[in-house]
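The values are calculated or read from the model by the stated rules, or taken from the named source; none is laboratory data. It should be emphasised that the depicted structure is a prediction, and the values quoted were computed from it without experimental measurement. Neighbour counts run over all protein chains shown; Cβ positions are idealised from the backbone, glycine included. With ligands, DNA and RNA removed, areas are computed over all heavy atoms of the protein, side chains included. Shrake-Rupley method; radii C 1.70, N 1.55, O 1.52, S 1.80 Å.
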Amino acid sequence: MMNCPSRREFSRMLIGAAGFSALGKAAEPALAGVFEVTRYGAAGDGKKLDTTSIQQAVDACGKAGGGIVYFGNGVYRSGTIHLRDGVKLHLSEGARLLGSTDLKDYPSNVPQLRSYTDSYTDKSLIYAERASGVGIEGDGIIDGQGASFQGAYKVRPYLMRFVECRDVTVRDIHLHDSPMWVEHYLGCEGVRITGVSVHSRVNKNNDGIDIDSCSGVRISDCDIVSGDDAIVLKATADRPCRDVVVTNCVLSTLCNALKLGTESNGGFENIAFNNCTVYDTRLAGVALEMVDGGTLSQVVVTGITMRNVKCPLFIRLGNRARPIEPNGPRPGMGALRDVVIQGIEASGGSLVGSSITGLPGHRAQNITLRDVSLSFQGGGTAQDADRVVPENPECYPEHSMFGTLPAFGLYCRHLEGLQLDNVRCVTEKPDARKPMIFDDVEDLVINGRVAKA
């Protein structure tokens, strides 16, 4: 039986067979559905600003009903590129799309969908809104030159942003040095991100992938080294983030690796994190944070290994109550329930410990930890063991928000329906604290036996 080539291999075969140099008029594509940017005037020399030429290729591709906008070997310096229906950018292995360092090359794009990200930035290197069948692929590099942008949110563009798009594919591309978030998907349906590598630690807010109020999302086989959260799901609009799976990824970050929140207004539903490796992470390996209203339910985290991660698990139901629009109505109290965390192996935990907490009168509900092994540095004192932990209902959620916890492993408070099955917490150094503490926990089951907090 004959093996069919992948779309990328097929594209390369077509391009290689045709030979762009032998083509006719510059305004015509080399092959049906393939539009080479140099035929529209792009220099690819890293000096000339190629924005206009690239946009002409994109527009021609869109007008023709969609296809591939092709970047051959070269360095293409550009400002904002607006994708059209059916258009996919293809960067060859020797191609580098270089973001301009002049903010004037990034016009404002304010999306029709209102979200808290209106407060962030309205500029992007690659932008698509209400487009269908769009994407980015190839073995090339997109480099935002993020270190060249300093200051508040508004003066630092996203590397790429898709808003209310359908059928979005981003695969195999290398993403470097964004001035702001690397990838932002807002209100999209049907997103596939696979084989993407991210290396961005040159500026503030260098999130790797932000999935925001989206549905039907698959993220797989990605390698992310980020300055801010590696893969983070948000709900900054008045719609949920749901039906999302993240699998087979390798993550390292100066913040949190796998995260839901902090922005939770629209809520989260039917989310799966599976089979990922996390290493050298300064904050939490897995963070579930509901603090701006909304409901989190049906979240499953399985098969995660962590090395040198300061806090393996951080789960927080708080009440920051930040509105979607700065002067809009504050959301009501949110909810966090129906969470399963299974098959976790983590080492390198800090003195702080891990925690699962709700608020008085607002318990997080139905949380199961199964086959979980957490290792911490230890060294806690008797004074640490006697600490009174503040509630901090309105604080920004972070694993260190309570200070050093009175349990070296797992501190649980204001919960209903907590089940622990084969959960093990150990320290590298002696520690005067208990491995676990349960405070105001109803329906506590440990290894199949009902326990009292």
Query raised in the report: Where does helix 51-63 land angle-wise versus the long Cα axis of the chain, in degrees 0 to 90, nearest 10?
Result: 90
Query raised in the report: If you put +1 on each Lys and Arg Cβ and -1 on each Asp and Glu Cβ, how big is the dipole of the stretch 158-223 around its Cα centre, in Debye rounded to 20?
Result: 60
**Report entry** Charge dipole (the chain, unit charges on Cβ, about Cα centre) - positive-most of Ala451, Val250, Gly353
**Finding:** Val250
**Report entry** Chain lengthening between Arg370 and Lys429 when straightened (0.36 nm per residue, less Cα-Cα)
**Finding:** 18.8 nm
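State in Å² the accessible area per residue of the stretch 345-453; use a 1.4 Å probe, count heavy atoms of protein chains only, and round to the nearest integer.
On the way: 5040 Å² over 109 residues.
Heavy-atom accessible area per residue stands at 46 Å².
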Query raised in the report: Dipole magnitude of the chain about its Cα centre, charges +1 at Lys/Arg Cβ and -1 at Asp/Glu Cβ only, in debye to the nearest 20?
Result: 360
Report summary line: The alpha-carbon center of the stretch 358-416 and that of the stretch 50-67 are separated, in whole Å, by 53
Query raised in the report: What distance in nm separates the simple spin-label points at Lys104 and Arg282, each placed 7 Å from Cα in the Cβ direction?
Result: 3.5
Report summary line: Per the C-alpha gyration tensor (a ≥ b ≥ c, the square roots of its eigenvalues), the stretch 112-259 is rounded if a/c is under 1.5, else prolate if a/b beats b/c, else oblate; here it's rounded
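Given charges of +1 on the Cβ of Lys and Arg and -1 on the Cβ of Asp and Glu, with all other atoms neutral, how large is the dipole of the stretch 335-453 about its Cα centre, in debye to the nearest 20?
Working: 11 positive and 16 negative charges, 55 e Å.
Dipole about the Cα centre, nearest 20: 260 debye.
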Report task. Could you work out how far the C-alpha centroid of the stretch 71-93 sits from that of the stretch 202-246, in angstrom? Result -> 23
Requested in this report: Compute the Cα gyration tensor for the stretch 61-180, then decide on rounded, prolate or oblate, letting a ≥ b ≥ c be the square roots of its eigenvalues: rounded whenever a/c is under 1.5, prolate when a/b is larger than b/c in the other cases, and oblate in all that remain.
Outcome: oblate
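Would you mind getting the accessible area per residue of the stretch 226-285, heavy atoms of the protein chains only, 1.4 Å probe, in Å²?
Numbers: 1520 Å² over 60 residues.
Accessible surface, normalised per residue, equals 25 Å².
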Query - For the stretch 118-134, Karplus couplings with θ = phi - 60° (6.51, -1.76, 1.60), whole Hz, Gly/Pro x - result: 4, 7, 8, 9, 10, 10, 8, 6, 10, 9, 9, 9, 6, 10, 10, x, 9
Query raised in the report: With labels modelled as points extended 7 Å from the Cα through the Cβ direction, what inter-label distance (nm, one decimal) is found for Ala147 paired with Arg307?
Result: 2.7
Query - Extreme residue, positive dipole direction of the chain, given options Val388, Gln150, Ala43 (C-beta unit charges) - result: Ala43
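Test of understanding: what is the full-extension gain from Lys48 to Arg166, defined as 0.36 nm times their sequence separation minus their Cα-Cα distance?
Working: separation 118, 0.36 × 118 = 42.48 nm, distance 3.29 nm.
Difference between extended and current length: 39.2 nm.
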Query - Cα-based equivalent ellipsoid of the chain: semi-axis lengths in Å, sorted from largest, via gyration tensor - result: 44, 21, 19
Query - Average accessible area per residue (Å²) across the stretch 116-158 - probe 1.4 Å, nucleic acids and ligands excluded - result: 29
Report task. Go ahead and estimate [θ] at 222 nm for the chain from helices alone: -39,500 (n - 2.57) per DSSP H run with n ≥ 4, summed, over the residue count, rounded to 500. Result -> -2000 deg cm²/dmol
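Looking at the stretch 320-431, send over the antiparallel percent of its DSSP beta bridges, to the nearest 5.
Values: 1 of 25 bridges.
Restricted to the stretch 320-431, the bridges split so that about 5 percent are antiparallel.
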Report task. Give the angle, between 0 and 90 degrees and rounded to the nearest 10, that separates the Cα long axis of helix 7-18 from the longest principal axis of the Cα atoms of the chain. Result -> 20
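Decide, for the stretch 225-288, between rounded, prolate and oblate: order the square roots of the alpha carbon gyration tensor eigenvalues as a ≥ b ≥ c, take rounded if a/c falls under 1.5, and otherwise choose prolate if a/b is larger than b/c, else oblate.
Working: a/c = 2.78, a/b = 1.54, b/c = 1.81.
In terms of gyration-tensor shape, oblate.
With a 1.4 Å probe and every protein chain kept in, tell me what percent of the accessible surface of the chain is carbon plus sulfur. Display every interim value, and only then the final one.
Values: 8330 of 17280 Å².
That share works out to 48 percent.
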